[in-house]
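Take a look at the structure set out below.
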Amino acid sequence: MTEPISREELVSQLAETSHRTWMRQKERDQKVPQTSLDPRVTAHDLERSEDIVQELERLGIWPYPNR
């Protein structure tokens, strides 16, 4: 079993995933090449990720129940 990640790591990983999704959607929907987009995570990505983690906490999913 892998070691659980910290809350900060979870927010960061979700922000990276959010940004990659945005880049794919921008390419798909607006035909903007991903190579022309800034690959860095934005404040918007971090805010969205923080909201997701807060909801996971509210639902009792995060942190892991056995932690």
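The values are calculated or read from the model by the stated rules, or taken from the named source; none is laboratory data. Just so you know, these numbers come straight off a predicted model, no measurement behind them. Note that we place each Cβ from the backbone using ideal geometry, even for glycine, and neighbour counts take in every protein chain shown.
Miscellaneous remarks
Conditions (1) of a type in the set (S, T, N, Q); (2) over 11 Å from the mean Cα position of the chain (by Cα); (3) not in a helix (DSSP H, G or I), marked per residue:
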position: Pro4; (1), (2), (3): no, yes, yes
position: Val11; (1), (2), (3): no, no, no
position: Arg20; (1), (2), (3): no, no, no
position: Val32; (1), (2), (3): no, yes, yes
position: Thr35; (1), (2), (3): yes, yes, no
position: Asp38; (1), (2), (3): no, yes, yes
position: Arg48; (1), (2), (3): no, no, no
position: Gly60; (1), (2), (3): no, yes, yes
position: Tyr64; (1), (2), (3): no, yes, yes
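- Filter pass, Thr35 being free of Cβ contacts under 8 Å to residues at least 60 places away in the same chain, surrounded by fewer than 10 Cβ atoms within 10 Å (Cβ to Cβ) and either of a type outside the set (D, E, K, R) or in contact with a His (Cβ under 7 Å, 6 or more places away or on another chain) (or both): yes
- Of all the criteria given as (1) at pLDDT below 95; (2) surrounded by 10 or more Cβ atoms within 10 Å (Cβ to Cβ), the one not satisfied by His44 is (1).
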